[in-house]
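A short write-up of the structure that comes next.
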Amino acid sequence: MEFTLEEQIDMILRLLVSDYVQQNPKSTSTQLFSFLALLNAYIPEAYLLMPECQKILGPPDPIHGGPPFEERMEPFTCLINTSSPNPEHICMTHTVFAQSAVNLLASLGISRSTIANQFMFSLCGDQPQPHILQFIKELLTKRELGENGKDKFSRLIKDIQEKEKLYKAVSVLKTASDKLKQNPMFPQTISRLYYIRKGNTDYKKAQEWAKEAIKRAPNNSYVADTLGQVYKNHLMREAKGLEDILHMAKDAFKAFKDVERKADKEEGPEMKDTAGTVSISNSFNNRGLFGFIQVAKITFEKLNKLRSQEHSFIQRLKLEVEAKFDFFEWYLVYSKPDMTSLEPKFFWEDVVLCYEKYTTKTAAKSTSFPGLLDCLNHGLFTSKGRRAGFEEAEETVSDLEAIQDHLKTIYEANVDDVKEAERYILSNIILSNKTHNSLQHTPVKELQAIIYRFLGTEVGRRSPEFYLLVLLLFWPEEEPRVVQEEDDEEVEQTATEDDESEDKTWEDEDSNEEQETRGEPAQLSLDLMFEPDLQQYVTFMEKAFERAEYAKYLRGRYLLPLFFLGTGSGLSKWIHKSRLDAIVGKKVDAELADDHDERTKKKWSRINEMWINGDVWRVPEIQDMLLPIHGELCHSPNMPQEHGKERVFLCVGGKKIMATTEVEQPEAPVLSPKLFYLGFTIQGPVVFNVGYPYRTCLESN
C-alpha cells in the first residue's frame, strides 16, 4: 500500500511526538512546539527569538545552569531549526512539518484557537516585540487574493471556523483586540464574522464591533467601510417592509458617504511626513462610491418588488447614481488595479445595472469621452462588459458612423462647448480605428481647426482629455527617436526654459483678451494655424492629470495605454489598444486546448502574462501595426523621475518631448540600439521597452 507524502509525514510525527503530547499536553515544551507549528503552518517565514523561547520554557535558563535548549525540547528537537539561516531565529524545519503538526495537535485536543490564544497571552505583554505584532496581524487578518478579490478572512480564521466553531474564531479575535487595543483590524474582522455568517447573523454585534474599529481609526476609510457593509448586508437580507427598507438604506448611504469623505482626505505614501496629513493609503479607496451603488441597486429592487409609491426617494438618488456611474466609467477605462490583476467580475455589473435601473439609459451606448474610448472594446474577450457577464456585440462601422454623425450634429449646435468638440473629434479617431474608408471621415485639418479655436483660452487649464487630443492631432508624421545620453542635460534645460517662457507669454497675451475670445473663439483660416509646442502640451496634460484629481483617484493603479503610435498617417496612425487585444486574444485561443471551459479559465491569465513579459510585442501582426522608435535609453542624473519610472526625451518634429518609460530599465546605460513603442495614457506619452530588433536580426540570419 502506497502512502502520500503528507501521510508519511503524519505517521513520522505521530511516532515522534504523539505519545509525549498526550502525556504532557500542558508542558512548556509542548506549548512552544505548538506555537512554532502554528506560526510556520500559516506564515512560512515566521520565527521566535531564542530569548522568547526561553521565556516560554521558563527557568532554569541555560545561562543559569539549566539544560541546553535542544535537550529541553525533546522529542521535538529534530523538527525545530536552530541554526539556519539565523541562529537566533527559531522555527520549524519545514512548512510541511508545521502543517502536519498543527493537524496532529488538533487531533490530540490542542486546537488552533487554543494555540493562538495561548500564544498571545504568552508573548503579548505590555510591550510586544514588533515581529510578534506583525505575525499576529498576518495570522488573524491577512486575506489571500482570489479570483473575485480578497478572501473574507485569513487562512487561520477560515480554518478555525471550518474545523472548530464560529465562537472560537471570535474568541481568538477578541483576545487580539483586548491585547492590542489600538489596532482596528481585529474588531473590524469580528464585525465581518458576525454579518457574513449564514443562519445566525448578528447585525447588532456586527455594528458594535464596526463602530469600535472606527473609534480606533477614525480617519481610515477602509475601517469605516465595514460599518457600511454591515448596513448593506442587513438591508439585503433582512429588510422587508417599506419602513425597514428606507431606514436601513438611509443608514447604509450615510455610512458609505462617510467612507467616501474619508477616502477623499487620504493621501498617498509620498505625503507620509507632510504636516496635516491625517491618513495614508497606497491607493484611493473606491468602496464608499461602490457601496453607494450597491445599496442604491438593492433599494431599487426591494422597493420595486413592493410596488412602492416611494418615487421621491428614488428620484433623489438618481443624480448621485449618475455621478457615481460617471466616476466608474472613466476610472475603469483609464486604469486597472495593477498590471497583473483585474476588478472582480461583479464590479462593473453592479455599476451598470444600478445606472440602468435609475436612468433607463443603456451604459454600453454611452458617448461620454471614456464611453467612446471604450466602445471599440465591446465584444472582445477582454472587455469589462464581457467579464461582467453581459451579452455585448462588437461595434460595426455603421454604428460608429451613426455615433460620429450624432456628435457632429451636437457639436455644430454648440460650437463653443469644448466638451462637445472633444467628443466629436474623438469619435472621428475611433471611427478611423474601425475603417479607413468611411465617407464620413472628417479631414485632420478640420479637426485641428476645431481644437485650435480653444487653444488661446483657458491656457494650461483644460482637461487631460483635451490635451490628449491636441497631442494626437498635431503629432508629426515623421518617426520619433530617443534622445542620446549626451543631449539629456541640454535638452532638459532647454525644454524647461521654453516651457516657462512660452507659458508666461500665453498667459500674458490671454489675460487682457480672455473675456472677448472665450465667448466666440476666432475663426482662423487653416493656413494661419501654427504647430503647437507639443512639449508644452505634454506638460499641460500632466498638470491637468493632477488638477482633475486623476492622480489622486488613480494612484496605485496601472494606467492603461489608450492609443499607440502606428505606421499609418493622419488619424490612422493612432492604434486603439483594443486592436492589440483582439490580436492577442486570437493568438491565445490558438495556443490553448480546444476544451471551451479550460480555454476560458486560462485565457485571462495568458493574456495578462503576454502583456507583462513582453510577448505581445513579439506578435508579427502587432509589429507590422506599430511604429518602432529606435534609440537608446540612458540614465542621466539630470533626467526627472516620477513614482520610480524613468523619464526619457523623444525627438519629434525637431523638438524634444518628454515621456515616461513603462518598465524599469537596467541600472547601467544600454549600449546597443533598442526598439520602443510609443503609447498614450490619460497622463501623457509612455515609451514601451520592446527590446532589441530581434525580428530584423532573425531575418538577416
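Which residue, chosen from Leu626, Ile298, Thr28, occupies the Cα position most advanced towards the positive end of the dipole of the chain, where the dipole is computed from +1 (Lys, Arg) and -1 (Asp, Glu) charges on Cβ about the Cα centre?
Among Leu626, Ile298, Thr28, the one farthest towards the positive end of the dipole of the chain is Thr28.
Run the simple label-point estimate for Phe3 and Arg143 please: 7 Å along Cα→C-beta, distance reported in nm.
For Phe3 paired with Arg143, the spin-label model returns 3.9 nm.
Roughly how much of Ile214 is accessible, in Å² to the nearest 10, using a 1.4 Å probe?
Surface open to solvent at Ile214 totals about 30 Å².
Any idea what angle helix 397-413 forms with the longest principal axis of the chain, computed on alpha-carbon atoms, 0 to 90 degrees, nearest 10?
Approximately 70 degrees, to the nearest ten.
With the cut-off at 17 Å, report for the stretch 390-436 the share of all Cα pairs above it, as a whole percent. Don't skip to the answer; put the middle values down first.
Values: 390 of 1081 pairs.
Within the stretch 390-436, distances greater than 17 Å cover 36 percent of Cα pairs.
For the chain, what is the calculated [θ] at 222 nm in deg cm²/dmol (nearest 500), taking -39500 (n - 2.57) for each run of four or more DSSP H residues and dividing by its residue count? Show your work: numbers first, answer last.
On the way: 30 runs with 389 residues, N = 701.
So the calculated ellipticity at 222 nm is -17500 deg cm²/dmol.
Could you tell me the extents of the stretch 222-360's C-alpha atoms along the three principal axes, largest first, rounded to whole Å?
53, 29, 24
Roughly how many nanometres apart are two label points built 7 Å out from the Cα toward the Cβ at Phe390 and Lys305?
Roughly 2.5 nm, to one decimal.
Give me the Kirkwood hydrodynamic radius of the chain in Å, from all C-alpha pairs, to one decimal place?
Numbers: mean 1/r = 0.0337 Å⁻¹.
The Cα-based Kirkwood calculation yields 29.7 Å.
Percent of alpha carbon pairs in the stretch 1-152 separated by more than 28 Å? Before the final figure, lay out each step's value.
Values: 2317 of 11476 pairs.
Counting pairs separated by more than 28 Å, the tail of P(r) holds 20 percent.
How big is the stretch 214-303 along each principal axis, measuring the range of its Cα positions in Å and listing the largest first?
Rounded to whole Å, the extents work out to 50, 22, 15 Å.
Evaluate E = 1/(1 + (r/R0)^6) for Lys26 and Thr95, where r is the Cβ-Cβ distance and R0 equals 25 Å; express this FRET efficiency to the nearest 0.05. The partial results should precede the final answer.
Numbers: r = 26 Å, r/R0 = 1.04.
It comes to 0.45.
Using Stokes-Einstein with the Kirkwood hydrodynamic radius over Cα pairs, what translational diffusion coefficient do you get for the stretch 94-210 at 4 °C and a viscosity of 1.567 mPa s, in µm²/s rounded to a whole number? If you can, show how the numbers build up before the last one.
Details: Rh = 15.0 Å.
It diffuses with D of about 87 µm²/s by this estimate.
Amide H of Ser335 versus every other amide H placed in the peptide plane: which residues, excluding those fewer than 5 positions away on the same chain, fall under 5 Å?
Answer set, sorted by chain and number: Leu560.
Relative to the longest principal Cα axis of the chain, at what angle does helix 418-434 sit, 0 to 90 degrees, rounded to 10?
Taking the Cα atoms of the chain, the angle to 418-434 is about 80 degrees.
Each label point is 7 Å from the Cα along the Cα-to-Cβ direction; what then is the distance between the points at Lys365 and Ile12, in nm?
About 6.8 nm separates the two model spin labels.
Under a 5 Å amide H to amide H cut-off, with H placed in plane at 1.01 Å, what residues pair with Arg481 once short-range neighbours are removed?
For Arg481, whose amide H was placed from the backbone, the distant partners under 5 Å are Cys651.
Please list the equivalent ellipsoid semi-axes of the stretch 318-471, computed as the square roots of five times the alpha-carbon gyration tensor eigenvalues, in descending order and whole angstrom. If you can, show how the numbers build up before the last one.
Values: eigenvalues 150, 69, 48 Å².
The answer is 27, 19, 16 Å, longest axis first.
Please list, in order along the stretch 601-606, the HN-Hα scalar couplings obtained from phi with the Karplus expression 6.51 cos²θ - 1.76 cosθ + 1.60 (θ = phi - 60°), rounded to whole Hz, x for Gly and Pro.
Whole-Hz 3J(HN,Hα) from phi for the stretch 601-606: 5, 8, 4, 4, 5, 5.
Does the stretch 296-401 come out rounded, prolate or oblate, given a ≥ b ≥ c as the square roots of the eigenvalues of its C-alpha gyration tensor, rounded meaning a/c under 1.5 and, failing that, prolate meaning a/b above b/c?
Details: a/c = 2.04, a/b = 1.67, b/c = 1.22.
Judged from the Cα gyration tensor, the stretch 296-401 comes out prolate (a/c at least 1.5, a/b above b/c).
Given the Cα atoms of the stretch 240-289, and with Rh set as the inverse mean 1/r over their pairs in the Kirkwood sense, what is Rg to Rh to two decimals? Working shown, then result.
Details: Rg = 15.5 Å, Rh = 12.6 Å.
Rounded to two decimals, Rg over Rh is 1.23.
Relative to the longest principal axis of the C-alpha atoms of the chain, give the angle of the C-alpha long axis of helix 130-141, reported between 0 and 90° and rounded to the nearest 10°.
With both axes taken from Cα atoms, the answer is about 80 degrees.
Tell me whether the stretch 275-357 comes out rounded, prolate or oblate; compute the Cα gyration tensor, take square roots of the eigenvalues as a ≥ b ≥ c, and use a/c under 1.5 as the rounded threshold. Walk me through the numbers before you get to the answer.
Working: a/c = 2.66, a/b = 1.73, b/c = 1.53.
Note, shape of the stretch 275-357 comes out prolate.
Starting from 0.36 nm per residue, how many nanometres of slack lie between Arg461 and Asn437 once their C-alpha separation is accounted for? Show your work: numbers first, answer last.
Numbers: separation 24, 0.36 × 24 = 8.64 nm, distance 3.57 nm.
Gain on extension, Arg461 to Asn437, equals 5.1 nm.
Leu319 to Lys150: extension gain in nm, 0.36 nm per residue of separation minus the Cα-Cα distance?
On the way: separation 169, 0.36 × 169 = 60.84 nm, distance 3.10 nm.
Answer, rounded to one decimal: 57.7 nm.
Shape of the stretch 8-65 from its Cα gyration tensor (a ≥ b ≥ c, root eigenvalues): rounded if a/c is under 1.5, otherwise prolate when a/b > b/c, or oblate?
Details: a/c = 2.52, a/b = 1.31, b/c = 1.91.
Oblate, since a/c reaches 1.5 and b/c is not below a/b.
Please compare each pair in Lys384/Lys601; Lys250/Lys357; Lys445/Lys573; Lys257/Lys577; Lys262/Lys384; Lys262/Lys305 to a cut-off of 26 Å on the Cα-Cα distance and tell me which ones are over it. Spell out each step's value before the answer.
Values: Lys384/Lys601 16 Å; Lys250/Lys357 19 Å; Lys445/Lys573 15 Å; Lys257/Lys577 35 Å; Lys262/Lys384 28 Å; Lys262/Lys305 34 Å.
The answer is Lys257/Lys577; Lys262/Lys384; Lys262/Lys305.
On alpha-carbon atoms, Rg over Rh for the stretch 31-104 using Kirkwood Rh?
Values: Rg = 11.8 Å, Rh = 12.3 Å.
A ratio of 0.96.
The values are calculated or read from the model by the stated rules, or taken from the named source; none is laboratory data. No experiment lies behind these values; they were computed from the predicted model shown. So basically every Cβ, Gly included, is an ideal-geometry build from the backbone, and we count neighbours across all protein chains shown. To get the accessible areas, we keep the full protein, side chains included, count just its heavy atoms, and leave off ligands, DNA and RNA. Shrake-Rupley method; radii C 1.70, N 1.55, O 1.52, S 1.80 Å.
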